[in-house]
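Below: one structure, written as structure tokens.
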Amino acid sequence: MEVSPETPATSTPGRARRADMKIGIIGAGNIGGNLTRRLTALGHDVSVANSRGPHTLKELADETGATPVRAEEAARGAEIAVVTVPLKAVPDLPSGLFDEAVDGLAVIDTGNYYPQRDGRIAGIEDEGLTESRWTARQIGHPVVKAFNGTYAQDLLDRHRPAGDPERMALPVAGDDEAAKRKVRDLIEELGFGTVDAGGLDDSWRQQPGTPVYGLRGGVDAVTRALAEASPERPEEFRG
């Protein structure tokens, strides 16, 4: 999970994914870095980018075997792309970011809106857009919201096989059912259950300040937490 200055992401077993997908990761912070570690360990072909350039990613590349690239190259040939940058940086991402991806690209948005970090975003505050709906408009591509309430270290430490009573579940929201299925399958491969949290306009249920945000629970607990969420944005997450 992205951590703000004040704060510490109905499952069905996923189908096995072949371990040779091309995956692009845009953002190499805590979530992006640990997804790079896990996905390369699973055998995927990962390209990773950040805002400072490929030369600053040599250590991560040496550790994982991922390919460091410029942001505009990260999704080239990718089946899945992950956008994991602060919301304030989303409008500055290169245009045409996904032009060279494969047909059917699924874009994962891990972002959260923290006004004290991102500044006030009118589309979210005044228009009432969900954070991921706003992001999708900025990048010009549908997104699937996932990993936004997940502690980054849990990606390394808390994955469990299907059927394990301690297996965590993550909420996943998106409008494109095929893309959402692809993302849920990937999360299952990573060792976590999933709960369908509805479309992007329902993704407020997993935004910061909701019961599911940061919850380390299984499918039943995540399903209950989503149902208990309020559409009212908590004061500490308003600009």
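The values are calculated or read from the model by the stated rules, or taken from the named source; none is laboratory data. Since we're looking at a predicted model, the values are computed, not measured. Virtual Cβ from ideal backbone geometry, glycine too; neighbours counted across all protein chains shown.
Please specify each residue of segment 1-49 satisfying the condition of being more than 13 Å from residue 66 (Cα to Cα), modelled with pLDDT of 95 or more and among the polar types (S, T, N, Q).
Scanning segment 1-49 gives a single hit, 30.
Can you tell me which residue within segment 62-89, out of those that are of a type outside the set (A, V, I, L, M, F, W, C) and assigned to a strand (DSSP E or B), is surrounded by the most Cβ atoms within 10 Å (Cβ to Cβ)?
68
Would you mention how many residues in segment 180-238 are among the small types (Gly, Ala, Ser) and touching a strand residue (DSSP E or B) at 6+ places or on another chain (Cβ under 6 Å)?
Selection size over segment 180-238: 5.
Filter segment 90-121 down to the residues that are part of a helix (DSSP H, G or I) and charged (D, E, K, R), then identify the one that is surrounded by the most Cβ atoms within 10 Å (Cβ to Cβ).
Taking segment 90-121 as the starting set, the residues that turn out to be part of a helix (DSSP H, G or I) are 90-92, 115-118.
Filter once more, keeping what is charged (D, E, K, R): 92, 117-118.
Values: 92: 10, 117: 14, 118: 19.
Looking at the filtered set, the residue picked out is 118.
For residue 155, state whether it is within 21 Å of residue 232 (Cβ to Cβ) and hydrophobic (A, V, I, L, M, F, W, C). If you could, list the steps in order and put the result at the bottom.
Working: within 21 Å of residue 232 (Cβ to Cβ): no; hydrophobic (A, V, I, L, M, F, W, C): yes.
No.
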